[in-house]
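Read-outs: derived from the displayed coordinates by stated rules, not from any lab. If you're wondering where the values come from, they're calculated on a predicted model, not measured in any experiment. Cβ placement follows ideal geometry from the backbone for every residue including glycine, while neighbour counts extend to all protein chains displayed.
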Amino acid sequence: MSILPNRDLKIIVQYICLAVLLWLNFYSPANAQQDFIQIPCAIQIASSVSDGAFSIEEIVKAARQCGIKAVILGERDLMQWEYGIWPLRNLLKRTIKEKSLFSFGIKRYLTEIKKIQKMNPDILVITGIESAPFYYWQGEFWDNDFSLKNWHKHLLCIGFEDSKVIERLPVIGNKKGLAKPISIKDILLLWPVLLIIFAVAIFRRMRQREHNKYRIPQVGLAIGLILLAVAFLLNNWPFRRYWFNQYQGDLKHLPYQRYIDYVVENGGLVFWLHPDTENISKDGPINIETRRYSFDLYRTHNYTGFALLYDGLKYTGAIGGVWDGLLNSSLKNTKRKPVWAIGALGIDEIKDLKEAILYLRTVVFAKDFTKEAVLEALRNGRLYILQGKRAKDFLLEELNIFEPKMFVSKTIGQSLEIEKGRSVHLRLRGKFLNRPMEKIKVKLVKNGQLIKTLEVETPFEVVFQENDITENTFYRLIIEAKDLLVFTNPVFVKLKFS
C-alpha cells in the first residue's frame, strides 16, 4: 500500500477546502444588501420657510442628534385660498395668504439649502414640497353649506433643485403652473372689446344726430358699456386660459394626475400623503371638508408611492388593502409600476422636534452617501420604515430572496426571476443595537395575504421557504416588538417569460 507524500496530502486538503468554500457559496448566495449602505432618513419636515416652527439649520441639528443621515424637507408650496363673486371672480374677490415657499422665495430657499448643506456635509439635505394641487368651493358664501373641499388632499414632491421647475408646479392658485399653452382661443377672452366698440358706435351716432331726445340715456348706456368692458378686461387679464380653477366643482383625480405627470416628467419623486385621514372642520361660516382618499391611489398612476405612516396604515397599507391591491396589479400589468411605501413625519408646528424624529424614520439602501443615491433608492423602493420609541435601536441586517443552488439574490424593491415551479428562500436577519435578546414577531405577507407568523428572539435569522412558485409573487414583512413596528417594501419573484 502506497502512502502519499506530505506535499501531495497538502494539495488534496487545499482542493477539499476550496470545494467546501465553493459549495457554501453555491448554496448560500451573497447578501444582496452588501452592495448598499443603510441611510436613515427623516422625511417631510416643514421649516420656518413655510408653516414650520424650526429653521432648516435647527432641523439638521436635531436630525444629527437623532442619528439621521438624510433630511427630506416638506415645505408648503402655496398657502392661499381665494373666493370671487361671479361673474367677476378675479376682480371681486377675497384672498387669504399664509407663509409658504412661494412667498418666501424659491431661489432664496434653494440658496439657503445649499449654504446649510455646505456647513453640514455629514447630513444630506434634500428638497421636499408638500402640495395641495386642487380645492374647490361648494355652495355660495351666503349659504349654510358653503364649503371648501379637498384642501387637505396632499402630495409630496421630492428632489427638485431648479427654481423654474418649482415655480411652474401645477397647483391651484399658481397661474404660471396652470396656464394652458398660448393659442388663438385666448383671443376670445378679449370679448369685452366688443362692448367698447358698441359704445363708440353709440357716441358716433349721437354726434350725427344733434337733436336726439334719447341723448342722455344713450350717453349713460355708452359709459356703462365702457365701464363694464374695462371691468371684464381687468377680470380676464392676462388673457390666458387655465387647466382648472376652484369654481369648476369636483374634478376627481384629474388635477392630481396633472401634478404627478409634471413632477415625473421633470425627474422628481411624488408620494401621496396621509390617504386614510379625514379632515372635517369649520372656520367661521366656511365648512372645510376632505374625505378619505385612499382609492385615489387606484385612480392615479406613475406616482412613486405613498406615506404608509402617518395616516396610511389603517386602510391603504393594511394587509389586503389598497397597497397590496396595487402591488398585485403591477404583477399582472407590466405597464403599472410598483407603488412604494415611506414614512412621512408631517412635522410643522410641533414642540418637541427630536422626539418626533426619533419616533419615525425611513431607512434606504443607497449605493453611496449622496443625494442622488438616496433619491435613486427612494425611486426604486429599497427601504424599510421604523416606528416607535425604539426605532433608532433596530437594524434590519438582511432581507434577501434567492433560489436554492443559485448565486443570485435580490433584496427589497428588487425582482428575482425564476422558472415556473421552482422554490425560493426568503432570508431575514435583524437585531437590536442595545439589547442582545428580546422576543419579536415576524409576519410574512404574500400577494396581500398573511401566510406566516413567527415569534423569535433577537438577534435573529429567519428563512422562509416557498415551494412550487407558479405565478408572479410579492412578499413584504412586518416586524412587531415592544415599542416598535417595522414595515418593509416588497421583494418580487417573477417567472421567466411570463
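Computed quantities for the displayed model
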{"quantity": "Sparsely packed chymotrypsin sites (Phe, Trp or Tyr not before Pro) within the stretch 103-188, loop by DSSP, other Cβ within 10 Å at most 13", "calculated": "PHE141, TRP142"}
{"quantity": "Karplus (6.51, -1.76, 1.60) ³J(HN,Hα), θ = phi - 60°, over the stretch 164-181, in Hz, Gly and Pro reported as x", "calculated": "5, 5, 5, 5, 10, 4, x, 10, 4, x, 9, 5, 4, x, 9, 5, 6, x"}
{"quantity": "Lysine pairs with alpha-carbon atoms under 24 Å apart, the stretch 305-409, spacing 8 or more or separate chains", "calculated": "12"}
{"quantity": "Paramagnetic label zone (point 7 Å from Cα along Cα-to-C-beta, LYS114; backbone N under 11 Å) in the stretch 139-178", "calculated": "162-163"}
{"quantity": "Calculated FRET efficiency for the pair LYS314/GLU376, C-beta based, R₀ 41 Å, to 0.05", "calculated": "0.85"}
{"quantity": "Label point distance in nm, LEU495-LYS61, each placed 7 Å from Cα along Cα→Cβ", "calculated": "5.9 nm"}
{"quantity": "Virtual paramagnetic centre 7 Å along Cα→Cβ of LYS175, amide N under 12 Å, in the stretch 74-93", "calculated": "90-91"}
{"quantity": "Computed FRET value (nearest 0.05) for GLU480 with SER183, which takes r as the C-beta separation and R₀ as 60 Å", "calculated": "0.55"}
{"quantity": "Sparse-neighbourhood loop sites, trypsin sites (Lys or Arg not before Pro) in the stretch 322-393 - DSSP loop, at most 12 other Cβ within 10 angstrom", "calculated": "LYS335, LYS351, LYS389"}
{"quantity": "Alpha-carbon centroids, the stretch 404-449 and the stretch 258-299: separation in whole Å", "calculated": "33 Å"}
{"quantity": "Quarter of Cα convex hull surface for the stretch 388-498, i.e. mean projection, nm²", "calculated": "6.9 nm²"}
{"quantity": "Matching label, Rg and Dmax of the Cα atoms in Å computed from the structure shown, candidates (i) 30.3, 146; (ii) 24.1, 74; (iii) 21.8, 74", "calculated": "(i)"}
{"quantity": "Considering only the stretch 136-295, percent of DSSP beta bridges that pair antiparallel, nearest 5", "calculated": "80 percent"}
{"quantity": "Per-residue HN-Hα couplings for the stretch 146-159 [Karplus 6.51, -1.76, 1.60; θ = phi - 60°; Hz; x = Gly/Pro]", "calculated": "4, 9, 9, 10, 6, 5, 9, 9, 10, 10, 10, 9, 10, x"}
{"quantity": "Simple label model, 7 Å out from Cα along Cβ direction - ARG168 to LYS389, nm", "calculated": "5.1 nm"}
{"quantity": "Extension gain from ASN333 to VAL456, taking 0.36 nm per residue of separation minus the Cα-Cα distance", "calculated": "40.6 nm"}
{"quantity": "Volume per residue of the C-alpha convex hull in the stretch 323-476, rounded to whole Å³", "calculated": "151 Å³"}
{"quantity": "Whole-Hz ³J(HN,Hα) from phi, Karplus 6.51 cos²θ - 1.76 cosθ + 1.60, for the stretch 307-314, glycine and proline x", "calculated": "8, 5, 10, 9, 6, x, 9, 5"}
{"quantity": "Modelled FRET efficiency - R0 35 Å, GLU161 with ASN302, Cβ distances, 0.05 increments", "calculated": "0.95"}
{"quantity": "Antiparallel bridge percentage (DSSP; both residues within the chain; nearest 5)", "calculated": "75 percent"}
{"quantity": "Linear extension gain, LYS405 paired with GLU265, 0.36 nm per residue minus alpha-carbon span", "calculated": "46.2 nm"}
{"quantity": "Qualifying trypsin sites (Lys or Arg not before Pro) in the stretch 396-498, DSSP loop, other Cβ atoms within 10 Å at most 16", "calculated": "LYS405, LYS420, LYS482, LYS496"}
{"quantity": "Exposure rule at most 13 other beta-carbon atoms within 10 Å, DSSP loop GluC sites (Glu not before Pro): the chain longest free segment", "calculated": "1-97"}
